[in-house]
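The values are calculated or read from the model by the stated rules, or taken from the named source; none is laboratory data. Note that the structure is predicted; figures quoted are calculated from it, not measured. So basically every Cβ, Gly included, is an ideal-geometry build from the backbone, and we count neighbours across all protein chains shown.
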Ligand code: PMP
């Protein structure tokens, strides 16, 4: 069976990291892989996480299986962060959830449920995070791209987006990024979100919100606006939640699929399918990351510490955005990169062709993904001038 199988090419993003490591040039800059990095280029374990881990280590008495819906307190804690302290959805008991292996696990479990429900097509604005395609289509769903962002104009094409959304109907699914759009950094404003909700209400399609950078745009409450408004104004909603970035738990594979139904009974029925889907794929989620999050969210002192650390990560990325936009202006690039300052999260798209992306890498040692996505965490006072010079060289 294996004899004639040709190997697949390496993953382009992971391949990029290797090229960067092997590059001997001192002035090289890594704007590739999507993890948070501090000014010293490290991705440290958060202090709140370390303390929670120490407490767990002392207390843990068994490695027996965790419950299929996740470790106690995790889903409840995530739901409180997402829906809000005094959420009507929580008060009315209209939500349910399961812990999943990261946001990827939540997207995949959600996709499997949608296939069971014989959902029509999932629509998502282009460009989107490349992994959305396999996570959804390998579950058997159809995925269609609709307009979202114009890289040359450096702006959301909302007219095209909402015109496409207007054509969706019952049985269709709209996948939307909750905050900190990956790869563009361009988030919908509140008026645009309200217009989508009004359309969903009228047309009857199901929104599926992918919230993977909660707290990185404006804060935990502001970033959840889209989810809270949808939960308030629409009967049904799915949310894929990731704790990879905001708790820095990447390798612990910690996330949740949150379900809002018209009634608690309906949400519970979908939850039973989520558990059944998970049973057929991996049985139950890894416990450690969920236990850490539950430990933090059940201790006011640890939660305050974590909120401070999250705010610090958010401020770091914002400062890097400002640094790049302003240095570009000072270096006679005009307002070519001014848009970056107003965007959210770790990523932005540069308006560069594939050839220019290659020239950035080969000529200047500046590494970004092939679609010209940059991770702003890689920008600092020591390399920003070189980055702007390289940009000027490949574009002028
Ligand atoms: N959605 C988006 C848009 C993402 O960028 C990511 C992480 N790169 C995820 C979901 C999934 O994250 P994870 O599975 O690592 O929690």
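The rows are residues; the columns are (1) closer than 21 Å to residue 182 by Cβ; (2) surrounded by 15 or more Cβ atoms within 10 Å (Cβ to Cβ); (3) modelled with pLDDT under 95.
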| site | (1), (2), (3) |
| --- | --- |
| 15 | yes, no, yes |
| 33 | yes, yes, yes |
| 50 | no, no, no |
| 70 | no, yes, no |
| 86 | no, no, yes |
| 96 | no, yes, no |
| 104 | yes, yes, no |
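Take residues that are surrounded by 15 or more Cβ atoms within 10 Å (Cβ to Cβ) and without any contact (Cβ under 8 Å) to a residue 60 or more places away in the chain and tell me which of the helices (runs of 4 or more DSSP H) falling wholly in region 163-238 contain 3 or more. Please lay out each step first, then the result.
On the way: elements: 190-203, 220-223, 225-233.
It comes to 190-203, 225-233.
Give the residues of region 241-280 that are part of a loop (DSSP other than H, G, I, E, B) and within 16 Å of the ligand (Cβ to nearest atom), sorted by residue number.
Let us first name the residues in region 241-280 that are part of a loop (DSSP other than H, G, I, E, B), namely 243-249, 253-254, 261-263.
Those that are part of a loop (DSSP other than H, G, I, E, B) and within 16 Å of the ligand (Cβ to nearest atom): 243, 244, 245, 246, 247, 248, 249, 253, 254.
Among the residues of region 216-240, count how many are within 16 Å of the ligand (Cβ to nearest atom) and in contact with a helix residue (DSSP H, G or I) (Cβ under 7 Å, 6 or more places away or on another chain). Reasoning before the result, please.
Our first condition is that a residue be within 16 Å of the ligand (Cβ to nearest atom); within region 216-240, this holds for 216-217, 223-224, 226-227, 238-240.
Now restrict to residues that are in contact with a helix residue (DSSP H, G or I) (Cβ under 7 Å, 6 or more places away or on another chain): 216-217, 224, 226-227, 238-240.
Residues in region 216-240 being within 16 Å of the ligand (Cβ to nearest atom) and in contact with a helix residue (DSSP H, G or I) (Cβ under 7 Å, 6 or more places away or on another chain): 8 in total.
Out of (1) surrounded by fewer than 21 Cβ atoms within 10 Å (Cβ to Cβ); (2) modelled with pLDDT of 95 or more; (3) in contact with a helix residue (DSSP H, G or I) (Cβ under 7 Å, 6 or more places away or on another chain), what's the single condition that is false for residue 320?
(1)
Among what's in region 147-162 and is buried (at least 19 other Cβ atoms within 10 Å of the Cβ) and assigned to a strand (DSSP E or B), pick the residue that is nearest to the ligand (Cβ to nearest atom).
149
Of the residues in region 330-351, how many are buried (at least 22 other Cβ atoms within 10 Å of the Cβ) and more than 21 Å from residue 177 (Cα to Cα)?
So the count comes out to 1.
Write out, first by first residue and then by second, each pair whose Cβ atoms fall under 8 Å of each other, whose residues are 6+ apart or on separate chains, and whose first residue, in region 110-137, is free of Cβ contacts under 8 Å to residues at least 60 places away in the same chain and within 19 Å of residue 268 (Cα to Cα) while the second is assigned to a helix (DSSP H, G or I) and within 16 Å of the ligand (Cβ to nearest atom).
As it stands, the answer is 111/135; 111/136, since those pairs meet every condition given.
Here is a check on your reading of the model: is residue 325 without any contact (Cβ under 8 Å) to a residue 40 or more places away in the chain, under 20 Å from residue 37 (Cβ atoms) and assigned to a helix (DSSP H, G or I)?
Working: without any contact (Cβ under 8 Å) to a residue 40 or more places away in the chain: yes; under 20 Å from residue 37 (Cβ atoms): yes; assigned to a helix (DSSP H, G or I): yes.
Judged against the criteria, residue 325 is a match.
What helices (runs of 4 or more DSSP H) lie completely within region 44-135 and have 2 or more residues being within 16 Å of the ligand (Cβ to nearest atom)? Give the derivation first.
Details: elements: 47-59, 74-83, 88-91, 102-116.
Ranges flagged: 74-83, 102-116.
Take residue 293 and decide whether it is part of a helix (DSSP H, G or I), crowded, with 18+ Cβ neighbours inside 10 Å and within 16 Å of the ligand (Cβ to nearest atom). Please lay out each step first, then the result.
Values: part of a helix (DSSP H, G or I): yes; crowded, with 18+ Cβ neighbours inside 10 Å: yes; within 16 Å of the ligand (Cβ to nearest atom): yes.
Yes.
Examine region 46-56 for a residue that is more than 21 Å from the chain's Cα centre (by Cα) and closer than 19 Å to residue 103 by Cβ, and state whether such a residue exists.
Pass one, region 46-56, residues more than 21 Å from the chain's Cα centre (by Cα): 47-48, 50-56.
Checking the rest, the ones that are also closer than 19 Å to residue 103 by Cβ come to none.
Checked against the condition, which is being more than 21 Å from the chain's Cα centre (by Cα) and closer than 19 Å to residue 103 by Cβ, region 46-56 yields no hits at all.
Filtering region 380-390 down to residues that are touching a helix residue (DSSP H, G or I) at 6+ places or on another chain (Cβ under 8 Å) and surrounded by fewer than 23 Cβ atoms within 10 Å (Cβ to Cβ), which residue is nearest to residue 353 (Cα to Cα)? I'd like the intermediate steps shown before the answer.
So in region 380-390, the residues touching a helix residue (DSSP H, G or I) at 6+ places or on another chain (Cβ under 8 Å) come out as 380-381, 384-390.
Checking the rest, the ones that are also surrounded by fewer than 23 Cβ atoms within 10 Å (Cβ to Cβ) come to 380-381, 384-386, 388-390.
Numbers: 380: 24, 381: 26, 384: 21, 385: 21, 386: 19, 388: 16, 389: 17, 390: 14 Å.
It comes out as 390.
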